[in-house]
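Just so it is clear, none of the values below were taken in a lab; they were calculated from the coordinates. Please read these numbers as outputs of a predicted model, since none were measured by experiment. No Cβ is skipped: glycine too gets one built from the backbone with ideal geometry, and neighbour counts run over all protein chains shown.
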Amino acid sequence: MDITNAATWLEIKRAAIVNNLQRLRQITATDIMAVVKGNAYGHGLVEVSRTAVAAGATWVGVARLEEAALLRENGITTPILVMSYTHPARSIEAAELGVTLTAYNPQQADELARQMQGAASPLMVHAKINTGMNRLGVLPEEGADFLRQLNRLPALQVTGMFTHFCCADEWQHPTTARQLSRFIKLVEQVNHEGIRPAVIHASSSAAMLYENEARFDLCRAGIAMYGLQPSSETPLLDGFEPALSWKARLVAINHLPPGEGVGYNHRYFTTKNERIGVFSAGYGDGVRRRPGNIIILRGKILKVIGICMDQCMVNLDEVPDAQVGDEVVLIGRQGEASITPQDIAANWQTTNYEMVTGLSARVPRFYI
Ligand SMILES: *Cc1c(COP(=O)(O)O)cnc(C)c1O
């Protein structure tokens with residue numbers, strides 16, 4: 001299987017990821033953590049990480065220890081932060097992989113340390129501060145005590161401290177300023193008390209673009225690195241480029257008389273003589289079984305009229321010259337037409353984040 005004969009496939013432009021990372025470094029003037037959780041937002045964990053590290057990302061951010069382990073297996077030696085929960089029974093595994101975990105409250109930190117008994121080297125952790133997301137982390141007022149606790153645990157080595165904004169993708173949301181001022185106050189306190197960890201970070205894409213005071217030592221770039229906007233209220237600045245296209249092929253054309261039902265449960269009926277095209281992608285690949293999906297064929301936007309696990313159907317009225325073998329674009333550009341993940345997300349009533357993260361593992365990724 002290669003790009004000429006796959007049924008459905010993703011094309012990922014490495015140069016776009018490299019460009020977007022350079023752009024983020026220019027804008028932030030900080031180091032960048034490449035956030036590659038969720039199979040690199042559907043773009044492919046290992047290859048995106050390789051590209052990002054080669055382009056100068058000094059950290060890689062994941063959500064699961066398995067993701068970190070896969071990167072280490074593939075020769076990525078860059079510092080890796082697991083930003084969410086890891087079962088404490090896996091402390092030693094993380095330490096042996098040289099992976100940094102998130103310490104997010106006193107009990108969990110004690111448990112991480114307890115599980116390290118007999119370990120050869122300490123476990124690196126970043127302390128998580130809850131400034132308003134109200135998910136993981138200690139309150140900023142408890143941050144200094146938490147760092148002192150971590151410093152007392154010889155099994156743990158505190159190398160960083162971070163927080164996360166809940167509303168940074170809403171234009172000038174007052175909560176962002178409130179979170180930031182609470183975090184800055186803590187940073188000043190730990191500086192003053194001489195317990196400042198080496199790496200302080202707060203911003204994901206929306207904040208790193210729009211909150212100048214929130215950049216600290218490192219910014220955690222997910223969606224913007226892929227050339228996708230955090231939200232319509234916090235669009236990308238000039239010079240970003242989407243990395244991802246999603247394609248399939250037209251694999252059959254059925255000439256049907258009026259009154260024929262198409263697909264499962266005959267959700268669509270022909271009203272005249274119609275040519276119904278079948279293309280080779282379905283909900284097993286990341287299409288959702290909902291009305292309103294569109295694709296591009298021969299430069300024209302067409303409505304999807306039937307959705308199965310591995311195929312979908314379209315009406316070919318507007319593309320009389322369509323032929324079996326034609327390329328179908330689900331995400332990307334063809335001629336004058338384009339479909340973005342945010343277009344699809346709007347139709348599915350979700351975000352571009354969820355849309356691309358739902359692209360299935362079985363879809364082959366080609367890096368160009
Ligand atoms: C996912 C995630 C990010 C990346 O967010 P983007 O908006 O995609 O840049 C950053 N930090 C944390 C803690 C995350 O969970």
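Evaluated at 4 °C with a viscosity of 1.567 mPa s, what Stokes-Einstein diffusion coefficient in µm²/s does region 72-128 have when Rh comes from the Kirkwood expression over alpha-carbon pairs? Estimated diffusion coefficient is 113 µm²/s.
A straight Cα-to-Cα reach below 29 Å connects residue 185 with the lysines 128, residues fewer than 8 places away in its own chain not being considered. Working note: Debye formula, equal point scatterers on the alpha-carbon atoms of region 114-206, no solvent; log10 I(q)/I(0) at q = 0.15 Å⁻¹ is -0.59. The modelled label-to-label distance for the pair residue 318/residue 333, using points 7 Å beyond Cα in the direction of Cβ, is 1.9 nm. Exposure proxy ranking for 246, 9, based on other Cβ atoms within 10 angstrom of each Cβ and starting from the fewest, stands as 9, 246.
Working from Cα pairs under 8 Å separated by at least six residues, relative contact order for the chain is 18 percent. Full extension of the chain segment joining residue 367 with residue 303 gains 20.2 nm, where the gain is 0.36 nm per residue of separation less the Cα-Cα distance. Scanning residues 5 or more positions from residue 124 or on other chains, those with amide H under 5 Å from its amide H are 101, 157, with H placed 1.01 Å from N in the peptide plane.
Would you mind estimating how fast region 272-351 diffuses translationally, via Stokes-Einstein at 25 °C and 0.890 mPa s with the Kirkwood radius over Cα pairs, in µm²/s? Let's see the in-between values first.
Numbers: Rh = 12.8 Å.
After rounding, the answer is 191 µm²/s.
In the chain, the DSSP-assigned H stretches of four residues or longer account for a calculated mean residue ellipticity at 222 nm of -8000 deg cm²/dmol, using -39500 (n - 2.57) per stretch and the full residue count as denominator.
Please state, as a whole number in µm²/s, the translational diffusion coefficient that the Stokes-Einstein equation yields for region 222-290 at 10 °C and 1.306 mPa s, with Rh defined as the Kirkwood radius across alpha carbon pairs. Translational D for this selection: 102 µm²/s. GNM remark for the chain: springs join alpha carbons under 10 Å apart, and the peak mean-square fluctuation among 118, 222, 239 falls on 118.
In summary, region 184-328 shows an alpha-carbon radius of gyration equal to 1.66 times the 2.2 N^0.38 Å reference for compact globular proteins.
The spread of Cα positions in region 1-94, taken along each principal axis and listed from longest to shortest, comes to 45, 38, 20 Å.
Axis angle, to the nearest 10 degrees, between helix 45-54 and the longest C-alpha principal axis of the chain: 60 degrees. Counting only residues at least eight positions apart within a chain, or on another chain, the lysines with an alpha carbon under 18 Å from that of residue 300 are 247. Within the listed set 153, 101, 228, the Gaussian network model of the chain (springs between alpha-carbon atoms below 10 Å) gives the highest mean-square fluctuation for 153. Applying 1/(1 + (r/R0)^6) with r as the Cβ-Cβ distance of residue 185 and residue 114 and R0 = 35 angstrom yields a FRET efficiency of 0.65. Evaluated at q = 0.08, 0.15 Å⁻¹, the base-10 log of the normalised Debye intensity for the chain, with identical point scatterers placed on the Cα atoms, takes the values -0.47, -1.21. Extents of region 273-318, largest first, come to 28, 21, 18 Å (Cα atoms, principal axes, whole angstrom). Arranged from fewest to most other beta-carbon atoms within 10 Å of their beta carbon, 272, 185, 13 become 272, 185, 13. Please find the FRET efficiency linking residue 256 to residue 354, where r is the Cβ-Cβ separation and R0 is fixed at 35 Å, and quote it to the nearest 0.05. Computed FRET efficiency for residue 256 and residue 354 comes out at 0.50. This ranking places 300, 128 by how few other beta-carbon atoms lie within 10 Å of each, fewest first, which gives 300, 128.
What length, rounded to one decimal in nm, is gained on full extension from residue 170 through to residue 96, with 0.36 nm per residue of separation minus their alpha-carbon distance? So the extension gain works out to 22.7 nm.
To the nearest 0.05, what FRET efficiency results for residue 26 and residue 217 with a Förster distance of 25 Å applied to their C-beta separation? Display every interim value, and only then the final one.
Working: r = 17 Å, r/R0 = 0.67.
E between residue 26 and residue 217, to the nearest 0.05, is 0.90.
Relative to the longest principal axis of the Cα atoms of the chain, the long axis of helix 174-192 lies at roughly 30 degrees. Under 13 Å from a label point set 7 Å out along the Cα-to-Cβ vector of residue 58, the amide N atoms of region 76-109 belong to 79. Relative to its residue count, region 54-155 spans a Cα convex hull of 107 Å³ per residue.
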